[in-house]
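Let me begin by presenting the structure, written as structure tokens, before commenting on it.
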Amino acid sequence: MSLRVPSLDRLVSELSKLPGIGEKTAQRLAFYILRADSSFSSRLQEALFDVRERIHSCPTCFSYTENDDECDICSDLHRDSTSICVVEDPSDINRVENSGAFRGIYHVLQGAISPLDGIQPEDLRIKELLARIELSESSENKVKEVILALDADLEGDTTALYISKLLSGRVRITRIAHGVPFGTDIDYIDKRTLGRALENRVEI
Ligand SMILES: [Zn+2]
């Protein structure tokens, strides 16, 4: 429904593209922004600009970082670098971190294998994971375990199977399991359940 104010309509149209935001909510947000103090708009604009300009992928784990080089987790010498938790998206790292059940390092695939959507293994950071493991073999921090914290859906299963075949015999491969119902995006698991799922991970 057009508000017949072109700039406001444009703002509503952009906001309604956000996940979980319907047209009504987008209108409410747009009116809020319009009525709010002008400093709010400036801060919002600045924040939007900064996430685009400052954030890039960590060259090691492919999570997000503002650092010039590696992210804070990769460069933290207190983390156990012999255990890599593989996740689909950077946001999954926060979930695993909040569970408090993992002190290793991460690897972000930047998605999951989904032939129906045209996403093949080579579109993901799988070769980079393999390279990290190979590189570690000549160091004192040889990777011993890869924990697959992937979504419990068809894409997550396909990806887990592909990676487990690739790494078979090289490292211990486990997947978070109990308490994670099929079809669950790990974004929606509460931290206690995720902590338990990590502790009860199973060999694959
Ligand atoms: Zn990193």
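The values are calculated or read from the model by the stated rules, or taken from the named source; none is laboratory data. Fair warning: this is a prediction, and the values are worked out from it, not measured in the lab. Backbone-built Cβ (ideal geometry, glycine too); neighbour counts: all protein chains shown.
Observations on the model:
- The residues listed here are 105, 84; of these, the one that is within 13 Å of the ligand (Cβ to nearest atom), within 23 Å of residue 164 (Cβ to Cβ), in a strand (DSSP E or B) and out of contact with any Cys (no Cβ under 8 Å at 6 or more places or on another chain) is 84.
- Given (1) more than 8 Å from the ligand (Cβ to nearest atom); (2) of a type in the set (Ser, Thr, Tyr); (3) surrounded by fewer than 18 Cβ atoms within 10 Å (Cβ to Cβ); (4) not in a helix (DSSP H, G or I), index of the condition residue 91 fails: (4)
- Against the conditions (1) farther than 19 Å from residue 94 by Cα; (2) within 16 Å of the ligand (Cβ to nearest atom), residue 42 satisfies every one except (2).
- Only one of the listed residues (28, 4, 52) is in a loop (DSSP other than H, G, I, E, B), free of Cβ contacts under 8 Å to residues at least 12 places away in the same chain and either more than 30 Å from residue 83 (Cα to Cα) or in contact with a Phe, Trp or Tyr (Cβ under 7 Å, 6 or more places away or on another chain) (or both). That residue is 4.
- Flag for residue 12 being β-branched (Val, Ile, Thr), more than 16 Å from the ligand (Cβ to nearest atom), crowded, with 17+ Cβ neighbours inside 10 Å and not in a loop (DSSP other than H, G, I, E, B): yes
- The single condition among (1) within 10 Å of the ligand (Cβ to nearest atom); (2) within 10 Å of the chain's Cα centre (by Cα); (3) among the small types (Gly, Ala, Ser) that residue 111 does not meet is (1).
- Annotation: residue 78 fulfils all but one of (1) part of a helix (DSSP H, G or I); (2) more than 13 Å from the ligand (Cβ to nearest atom); (3) not hydroxyl-bearing (Ser, Thr, Tyr); the unmet one is (1).
- Taken over segment 112-157, the criterion of being out of contact with any Ser or Thr (no Cβ under 7 Å at 6 or more places or on another chain), assigned to a helix (DSSP H, G or I) and over 19 Å from residue 63 (Cβ atoms) is satisfied by 115, 116, 117, 121, 122, 134, 154, 157.
- The single residue among 63, 91 that is under 22 Å from residue 190 (Cα atoms), at pLDDT 95 or above and polar (S, T, N, Q) turns out to be 63.
- Within segment 60-74, considering residues that are surrounded by 22 or more Cβ atoms within 10 Å (Cβ to Cβ) and within 6 Å of the ligand (Cβ to nearest atom), the one farthest from residue 84 (Cα to Cα): 71
- Contacts under 6 angstrom Cβ, first residue in segment 142-163 being over 12 Å from residue 83 (Cβ atoms), partner β-branched (Val, Ile, Thr) and surrounded by fewer than 18 Cβ atoms within 10 Å (Cβ to Cβ), 6 or more apart: 152/184
Matching residues to (1) within 15 Å of the ligand (Cβ to nearest atom); (2) at pLDDT 95 or above; (3) surrounded by fewer than 18 Cβ atoms within 10 Å (Cβ to Cβ):
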{"position": "96", "(1), (2), (3)": "yes, no, no"}
{"position": "99", "(1), (2), (3)": "no, no, no"}
{"position": "121", "(1), (2), (3)": "no, yes, yes"}
{"position": "124", "(1), (2), (3)": "no, yes, no"}
{"position": "139", "(1), (2), (3)": "no, no, yes"}
{"position": "150", "(1), (2), (3)": "no, no, no"}
{"position": "162", "(1), (2), (3)": "no, yes, yes"}
